[in-house]
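Structure, as structure tokens:
The values are calculated or read from the model by the stated rules, or taken from the named source; none is laboratory data. Just so it is clear, the model here is predicted, and its values are computed rather than measured. Every residue, glycine among them, receives a Cβ derived from its backbone with ideal geometry; neighbour counts consider all protein chains shown. Note: accessible area is taken over every heavy atom of the protein model, side chains too, but ligands, DNA and RNA are not part of it. Shrake-Rupley method; radii C 1.70, N 1.55, O 1.52, S 1.80 Å.
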Amino acid sequence: RNLKNVLVISFGFLLLFTAYGGLQSLQSSLNSEEGLGVASLSVLYAALIISSMFLPPILIKKLGCKWTIAGSMCCYIAFSLGNFYASWYTLIPTSVILGLGGAPLWSAKCTYLTIAGNSYAEKAGKNGKDIINQYFGVFFLIFQSSGIWGNLISSLILSQASNKVEISEESLACCGAYDCMSEATNTTASAGPSESLKYTLLGIYTASGVLAVLLIVIFLDQIKSDQAETEKEIQKTPSFWSTFLATFQHLKDKRQCLLIPLTMYSGFEQGFLAGDYTKTYVTCALGIHYVGYVMICFSAVNSLCSLLFGKISQFTGRKLLFALATVANTACIIALLLWKPHPNQLAVFFIFPALWGLSDAIWQTQTNGLYGVLFEKHKEAAFANYRLWESCGFVIAFGYSTTLQVYIKLYILLAVLVLSMVTYGVVEYLETKSSPGTPAATKKENVGPCTQETKM
């Protein structure tokens, strides 16, 4: 019965994020007028910061895990509905609603799987932590494929467009790092898909979200028998003010301050790929129907490398992996500055997201692991800082997306990356100095499954 509930949550999230993941990748291209798409994503992550500070414990206590999950999923459906008639009056409010629902959704899922794992372990006489890790393993195995399905749907639907035209060399000159911000010269990119195709795609995404809610409402068991345990889990969750104060008190630790650039860089680089690469390189030179295929490449490499680097980090240490990610990202940034995208170079459009996925896998797994090692005694405050600064990176990256040319954004990305590696190097030096007998790379990384969920 517990495994059934784990599968229900897993497939519910798969359906929900199939829709959201596909929509997020398309925002900068689908709603490009006046930068509405990227502005909505910036607002969304700002709302997520506020939501994560105080909403989860309140909603889970009042509604329970099941109904918090179902209610939060409805916030994602609202965003899909807002895209049907995208304007500042529909998309921005629905982005706020999604942002507010994001944190309770993930917290309720974490709480539910934790309680279910402990409950089964107690009855079966097994170790609770082992069962919880198994449940989270099943969840992420199913959930991680959502990036592939959502983007595949968008590309298959949008490739049905009958109004495809040959992109002129003059239009291609406005693609890439030195984009013509004020000129909508690329007829394929600026025209976008037909209304019927757009509504078909949004209809499928909305239906996917509705199915996710129905799956949770009908098949997920309410944990009534473990109400006391639920209360116990909620009591462990600090209140808004204690979280707020602990988050900023944690900044007294200079290692946390030094890790801010690295944490923000995670948001910057993900924001650039989703907001700028998809629009200025892919949509501009190939057309919007290629965005999904390119993002599938990113998602697939990211998932495989996350699994791979999580395993090999115990042999290589994190310093070598951080160096690999830095080299890969730096090479990509320099190449993107020099490259003029052209449809004849189709393979190159996929090489960049593949390398970006490799780098992002390292930033996600190793930065989470680094926080777990350095701040083992203050995990809650440390990971609250992680979520705060990464979300700030997203907000800033999407916020300036429409006001700066791509080459300036690439220089900013490179500058933040260099600063991140300098401050990270100082952290490693401080760690080596404080415990010369125990190199930081060999310490056991104790990171809970809920700390990995930094993405929406």
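What to note about this one:
- Filter pass, Ser28 being open to solvent by less than 10 Å² (accessible area, probe 1.4 Å) and touching a residue at least 12 places away in the same chain (Cβ under 8 Å): yes
- Ile115 fulfils the conditions (1) β-branched (Val, Ile, Thr); (2) more than 25 Å from Ile58 (Cβ to Cβ); (3) open to solvent by less than 10 Å² (accessible area, probe 1.4 Å) except for a single criterion, (2).
- Filter result for Tyr277 (under 24 Å from Ala415 (Cβ atoms), touching a residue at least 12 places away in the same chain (Cβ under 8 Å) and not hydrophobic (A, V, I, L, M, F, W, C)): yes
- Test: residue in the range 359-379 that is open to solvent by 20 Å² or more (accessible area, probe 1.4 Å), of a type outside the set (Lys, Arg) and at pLDDT 90 or above: no
- Residues within the range 319-341 that are open to solvent by less than 30 Å² (accessible area, probe 1.4 Å) and either in contact with a His (Cβ under 6 Å, 6 or more places away or on another chain) or in a helix (DSSP H, G or I) (or both), tallied: 10
One line per residue, one yes/no per condition, for (1) within 19 Å of Thr206 (Cβ to Cβ); (2) open to solvent by less than 10 Å² (accessible area, probe 1.4 Å):
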site: Leu23; (1), (2): yes, yes
site: Ile58; (1), (2): no, no
site: Gly64; (1), (2): no, no
site: Ile69; (1), (2): yes, yes
site: Phe84; (1), (2): yes, no
site: Leu98; (1), (2): yes, yes
site: Lys109; (1), (2): no, yes
site: Asp130; (1), (2): no, no
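- Take the conditions (1) surrounded by fewer than 17 Cβ atoms within 10 Å (Cβ to Cβ); (2) at pLDDT 90 or above; Thr316 misses just one of them, which is (2).
- Taking residues in the range 408-429 that are in contact (Cβ under 8 Å) with a residue 24 or more places away in the chain and surrounded by 16 or more Cβ atoms within 10 Å (Cβ to Cβ), and partners anywhere that are in a helix (DSSP H, G or I) and basic (Lys, Arg), the pairs with Cβ atoms closer than 7 Å and at least 6 places apart or on different chains are Val427/Arg255; Glu428/Lys319.
- Qualifying residue in the range 426-440 (condition: hydrophobic (A, V, I, L, M, F, W, C), more than 22 Å from Glu269 (Cβ to Cβ) and at pLDDT 85 or above): yes
- Applying a threshold of 7 Å to beta carbon distances and a minimum spacing of six or more residues, or different chains, the list of pairs starting in the range 50-72 at a residue that is at positive phi and ending at one that is open to solvent by 50 Å² or more (accessible area, probe 1.4 Å) and outside any helix (DSSP H, G or I) reads Gly64/Gln222.
- Selected residue [more than 22 Å from Ala70 (Cα to Cα) and open to solvent by 10 Å² or more (accessible area, probe 1.4 Å)] from Ala124, Ala177: Ala124
- Some residue of the range 343-354 being farther than 26 Å from Ala415 by Cα, of a type in the set (A, V, I, L, M), more than 20 Å from the chain's Cα centre (by Cα) and at pLDDT 90 or above: yes
- Screening Gly137 on (1) open to solvent by 20 Å² or more (accessible area, probe 1.4 Å); (2) in contact (Cβ under 8 Å) with a residue 40 or more places away in the chain; (3) within 23 Å of the chain's Cα centre (by Cα); (4) over 21 Å from Gly209 (Cβ atoms) shows it passes everything except condition (2).
- Ile49 passes every criterion in (1) of a type in the set (Val, Ile, Thr); (2) under 23 Å from Leu158 (Cα atoms); (3) surrounded by fewer than 24 Cβ atoms within 10 Å (Cβ to Cβ) apart from (2).
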